[in-house]
Amino acid sequence: MDTTTTTEPAGKRRRNSSVVLTDRMCEKRVAKRTKIYDRKCPGLYVSVITAGVATFSFKFTDPETGKQRTGWLGVYGPDFRVEDARAKVYALRGMGAAALAETFRDRKVQQAKRGKTVAEIIEERIAWMKTEVKKADGEMRPRIETWENVASHLRRFLSPGLGKKLASEVTKQDIATRSKDIVAGKFGKPSVSNARHFRRAASGLFNWAAEPEQDYVGASPCINLGKLDPEHPRTRVLSEDEIRTFWHGLDRDDLPWDRRTRLALKFELVTMLRSGELLAAHRSELVDLDGELPRFDVPLKRVKKRRVIQQPLSDLAVEIIREALTSDKQQYVFASPLGDQPMNRKVMATALRGTKVKGKVKTPGICSLLGLRPFTPHDLRRTAATLAGDLGFDDAWIAKCLDHAASKKGDVIVPSVTGKVYNHSTRMKERRAVLDGVAAELRRIIGRPPVNAVERTELRLAA
């Protein structure tokens, strides 16, 4: 941008000149950017640009480097006029040269931090989340183990449109507007759930950015936002006819999905475990498989609440495991077709709904192939829990099987601190009773008796 300064009369050497600075000079329109130095307060000057904006700055000598530096004071306006700028310079001079230089150094660093864009702090936040740290079990894992989901919400919903904006300039209205756009379907399918996840991810981002270590923003804009519409919980439960069709349909040889994937679906229905907990099941996590009290120990790194699950195994669950383990060398129960390694955590959901390419079905889903109304792997947990409830088992026992915090047993309210701090009982006896009951009920529904010990080693197993 072109810049002019007031000068001495023609004929003399050109140099920056000074006048007694007035408010009227700051308000005057200029054809080029113009700097006017104040004779009354040496070092103070105003820079006026063609848009009519005037900003005050102060030149001084840094005693540490011996070089001249410039400190920004503020923008001219009703609340900051020439006399205010002079008073600020006098106050700064009173600090002493060294303190003055240090103040402006700190301010420069602060302005650099506050100059970070949303896109920049998103990437810094992601790098921070994925950094491996030592966990309670002694393993090194990402600081935020769900960082991929958080990163997805930040990159999909916050970065577009707001990525180039300074993080310090993002307002509560920006976040609220983005939430409304997600609910309205401007980022794909309308989703209150996605809006809620977006808010949680954005809140975590800006709270982190406001911490002293980062100090990218003064405060988080994600406060006092209006409430989103309530989400309607899924209530899909398979009927007995659907369970029967589903179970026997999984045994069909013409299904386009791997046999172990289908066995994993059966295993979720039988054990009430989450997909992420069971898909990476390792041979070393199976306990007493040939004994009277078989169980599956899920390490805390795969559990949603980061606590070890010791899940009792019914005879039906054991049958499924035995069929899935096709050789003594196989280490993972539900090994991938690509090798002895866990399957992708989304493979069960994908198998149920199928895959599409450019809107066209590539591989039909199991639900479609079997003529069943669509459902998800999580609905299998709900179905098993419903079967247990219909059999008369206590809700607290069922909650233990689902790895939920039980706050009520019968009609007695149990303080949450009891389960979190004092009572570490795994209720194995009650949980085994529930899961054995569900297995027996499933056998009744599908019309298949248990496999006895002799048949287990000689025949293809009943699961």
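Points worth noting:
- Residue check, ARG307 farther than 15 Å from LEU435 by Cβ, surrounded by 14 or more Cβ atoms within 10 Å (Cβ to Cβ) and either in contact with a helix residue (DSSP H, G or I) (Cβ under 9 Å, 6 or more places away or on another chain) or at pLDDT below 95 (or both): no
Residue by residue, here is whether (1) closer than 16 Å to THR261 by Cβ; (2) in contact with a Lys or Arg (Cβ under 8 Å, 6 or more places away or on another chain) holds:
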| position | (1), (2) |
| --- | --- |
| VAL318 | no, no |
| ILE321 | yes, no |
| GLY354 | yes, yes |
| GLY371 | no, no |
| ARG382 | no, yes |
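- Residue in the range 127-149 that is assigned by TED's automatic domain parsing to the domain that holds ARG196, surrounded by 16 or more Cβ atoms within 10 Å (Cβ to Cβ) and either aliphatic (A, V, I, L, M) or at pLDDT below 85 (or both) present: yes
- Condition check for ARG252: over 30 Å from SER191 (Cα atoms) and surrounded by fewer than 14 Cβ atoms within 10 Å (Cβ to Cβ): yes
- The range 291-340: number of residues that are under 34 Å from the mean Cα position of the chain (by Cα) and acidic (Asp, Glu): 2
- For the range 314-353, filtered to residues that are in a strand (DSSP E or B) and at pLDDT below 95, the residue that is farthest from LEU286 (Cα to Cα) is GLY339.
- So VAL318, is it farther than 25 Å from LEU289 by Cα and either without any contact (Cβ under 8 Å) to a residue 40 or more places away in the chain or in the same structural domain as ALA281 (by TED's automatic domain parsing) (or both): no
- Within the range 245-267, the set of residues being in contact with a Leu (Cβ under 7 Å, 6 or more places away or on another chain) and either more than 17 Å from PRO364 (Cβ to Cβ) or small (Gly, Ala, Ser) (or both) comprises GLY249, ALA264, LYS266, PHE267.
- One residue from ALA219, ALA209 being touching a residue at least 60 places away in the same chain (Cβ under 8 Å), out of contact with any Gly (no Cβ under 9 Å at 6 or more places or on another chain) and under 23 Å from GLN173 (Cβ atoms): ALA209
- In the range 188-217, of all residues being over 21 Å from ILE126 (Cα atoms) and touching a helix residue (DSSP H, G or I) at 6+ places or on another chain (Cβ under 7 Å), the one that is surrounded by the fewest Cβ atoms within 10 Å (Cβ to Cβ) corresponds to PRO190.
- Exactly one residue among VAL454, VAL438, VAL421, VAL417 is at pLDDT 90 or above and part of a helix (DSSP H, G or I), and that residue is VAL438.
- A single member of ASP241, ASP229, ASP215, ASP253 is under 30 Å from GLU323 (Cα atoms) and assigned to a loop (DSSP other than H, G, I, E, B), and it is ASP253.
- Any hit, the range 81-96, residues being surrounded by 12 or more Cβ atoms within 10 Å (Cβ to Cβ), modelled with pLDDT under 80 and within 43 Å of the chain's Cα centre (by Cα): no
- Among (1) out of contact with any Ser or Thr (no Cβ under 9 Å at 6 or more places or on another chain); (2) farther than 15 Å from PHE375 by Cβ; (3) of a type in the set (A, V, I, L, M), the one test that ALA210 misses: (1)
The values are calculated or read from the model by the stated rules, or taken from the named source; none is laboratory data. Quick caveat: nothing in here was measured; it's all calculated off a predicted structure. Here the Cβ is made from the backbone with ideal geometry for all residues, glycine too, and neighbour counts use every protein chain on show.
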